[in-house]
Amino acid sequence: MANFRRFRPDDLNKFSKCNLDPLTETYELSFYMQYYAKWPSLFQVAEDQDGNIIGYIMGKLESSPAYYKFSEHYLPWHAHITAVTVAPEARRLGIGKLLTEQLEAAGDAAEAWFVDLYVRKTNHKAIAFYKSMGYSVFRVVEAYYGDHSTDPTQVSEDAYDMRKPLKRDVKREHIRDDGENHKVLPTDVW
Ligand SMILES: CC(C)(COP(=O)(O)OP(=O)(O)OC[C@H]1O[C@@H](n2cnc3c(N)ncnc32)[C@H](O)[C@@H]1OP(=O)(O)O)[C@@H](O)C(=O)NCCC(=O)NCCS
């Protein structure tokens, strides 16, 4: 049984069940605190009956700077998933789905057009997870990751930039059917 609530700073002491996972990034402490200070409703945790953090999602709300308005890569107001992770022993119980739905609800409340995220092209489990929730590939960001999670002979790995339209995008204008064919460079994305 998991309890879902907003992140609190002392939760950082209890992230290890999640962050020992190699596909979960561990950031500087100040990075987590920035998200907490700016977008508390998009930073949610799942805790078990002993108070261990067994999952969390961390996100933000943003748009590209106004001076990019006429760029083809301009991003309108949207919610972004910076991290979502569930401890290995708590997977396939619906925790990741519930956390993501909470972030989507916060995005809808803020009138965001869509939710987006980056995921390694070889992270097949996470891609299956996102697809099951209605996300699709919007574009491929080449060599986005400066390492390779599954092939040590490669120095970098592409990312899928995946999106799910929110309620505001009634006409589904912010997604594409053939996103795998749209390749961009890391310098094109902000
Ligand atoms: C991706 C992750 C967050 C999913 O969390 P989760 O709590 O296990 O996911 P859920 O139980 O909510 O799964 C919802 C649905 O997603 C799909 N899904 C989830 N994990 C899957 C897997 N390993 N393989 C295939 N489909 C999967 C299924 O359709 C699942 O529904 P079902 O269990 O009824 O079949 C978790 O695997 C994780 O923490 N991975 C490591 C960190 C990571 O890769 N994060 C994403 C970085 S971008």
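Values quoted throughout were computed directly from the atomic coordinates according to the rules given, and no laboratory measurement underlies them. Predicted model only: the values in this text are computed from it and were never measured. Heads up, the Cβs are rebuilt from the backbone with ideal geometry, glycines too, and the neighbour counts pull from every protein chain shown.
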Among the residues listed as Ser16, Ser71, Ser64, Ser30, the single one being exposed (fewer than 15 other Cβ atoms within 10 Å of the Cβ) and closer than 30 Å to Ile175 by Cβ: Ser71
Only listed residue being near the ligand (Cβ under 9 Å from one of its atoms) and in contact with a Lys or Arg (Cβ under 9 Å, 6 or more places away or on another chain), chosen from Ser136, Ser132, Ser149: Ser132
For Thr122: the one exception among (1) surrounded by 16 or more Cβ atoms within 10 Å (Cβ to Cβ); (2) assigned to a loop (DSSP other than H, G, I, E, B); (3) in contact with a Phe, Trp or Tyr (Cβ under 8 Å, 6 or more places away or on another chain): (3)
Residue ID - surrounded by the most Cβ atoms within 10 Å (Cβ to Cβ), chosen from residues in the range 130-178 that are assigned to a loop (DSSP other than H, G, I, E, B), in contact (Cβ under 8 Å) with a residue 60 or more places away in the chain and touching a helix residue (DSSP H, G or I) at 6+ places or on another chain (Cβ under 9 Å): Leu166
